[in-house]
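A quick write-up on the structure given underneath.
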Amino acid sequence: MNKFDLKKKVAVVTGGAQGFGLDIAKNFLKSGAKVIIWDNDERELEKVIKKIKNKNLSKQIVDITDPESIKMTVKKITKNMKIDILINNAGVTGSTTELWKYDYAEWKRIIDINLHGTFNCCKAIVPHMIKNNYGRIVNIASVSGKDGNAKASAYSSSKAGVIALTKSLGKELANKNIAVNAVTPAGAKTRILNQMSKEHVKRMLSKVPRARFLKLNELSSMVCWLSSHENSFSTAAVFDISGGRSTY
């Protein structure tokens, strides 16, 4: 992977204890950034810290659906340092079933984590970035937010919301040296696939012209560039990384 200059930058990565988030965190560290991973899984956070053993890596237990908790966490961080980069990666897929069979509580939980969680993190951190006249925000959406997946209406709706949020916020911050972009990955072999039925996973893969799953480093490479100084113009944009499934 190409290295980007992220020295002296501080990045917050939500859902950073596994999957996409962890790989992004690792590549940020290789590029010289200080990385704070947020996750609500204390056990996985401890495993990551013990395994990586990097002085520039730290962890915080955070529930992104709790605005007050996020606000206090950000206040604690910004007493001693700036937050330059925010990666909104935390997310869940939920059940794979028809919309009319969906349990309302589960639907609400998926929207709360995937969409409201992204909103909560941006709301807490953006004012800090405005004050410093610098920021890079990357929201991990999904190809399903573009296309819509059958039997995944809650997940698809939440990720479509993340795409729209990205476009709105990117326009609002365009004159403040803060770039806000989204990426729309196809499926990858992460633990999130365990939340889906085998039938649903097979159906997802059948739609990808490259006929394989996305590799973690392929996504994190794109995110690293979007998070760097080199991305000085693109904002409010959606970067496709779906292996040819969506080309718009």
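The values are calculated or read from the model by the stated rules, or taken from the named source; none is laboratory data. Given the structure is predicted, the values throughout are model-derived calculations rather than measurements. Here the Cβ is made from the backbone with ideal geometry for all residues, glycine too, and neighbour counts use every protein chain on show.
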Residue tally, condition over 14 Å from the mean Cα position of the chain (by Cα), at pLDDT 95 or above and not hydrophobic (A, V, I, L, M, F, W, C), over the range 1-25: 3
Index of the failed condition, LEU193 passing every other in (1) surrounded by 14 or more Cβ atoms within 10 Å (Cβ to Cβ); (2) at pLDDT below 95; (3) not in a helix (DSSP H, G or I); (4) not charged (D, E, K, R): (3)
Top-ranked residue in the range 223-248 [being touching a residue at least 60 places away in the same chain (Cβ under 8 Å) and part of a strand (DSSP E or B); ranked as nearest to PHE213 (Cα to Cα)]: ASP240
The range 74-129, residues that are basic (Lys, Arg) and either without any contact (Cβ under 8 Å) to a residue 24 or more places away in the chain or touching a Ser or Thr at 6+ places or on another chain (Cβ under 6 Å) (or both): LYS75, LYS76, LYS79, LYS101, LYS108, ARG109
Residues being among the hydroxyl-bearing types (Ser, Thr, Tyr), in contact with a helix residue (DSSP H, G or I) (Cβ under 7 Å, 6 or more places away or on another chain) and assigned to a loop (DSSP other than H, G, I, E, B) - total across the range 92-130: 4
Restricting the range 155-167 to residues that are within 12 Å of THR118 (Cβ to Cβ) and among the hydroxyl-bearing types (Ser, Thr, Tyr), the residue that is surrounded by the fewest Cβ atoms within 10 Å (Cβ to Cβ): THR166
Among the residues listed as ALA154, ALA174, ALA160, ALA150, the single one being assigned to a loop (DSSP other than H, G, I, E, B) and more than 24 Å from GLU230 (Cβ to Cβ): ALA150
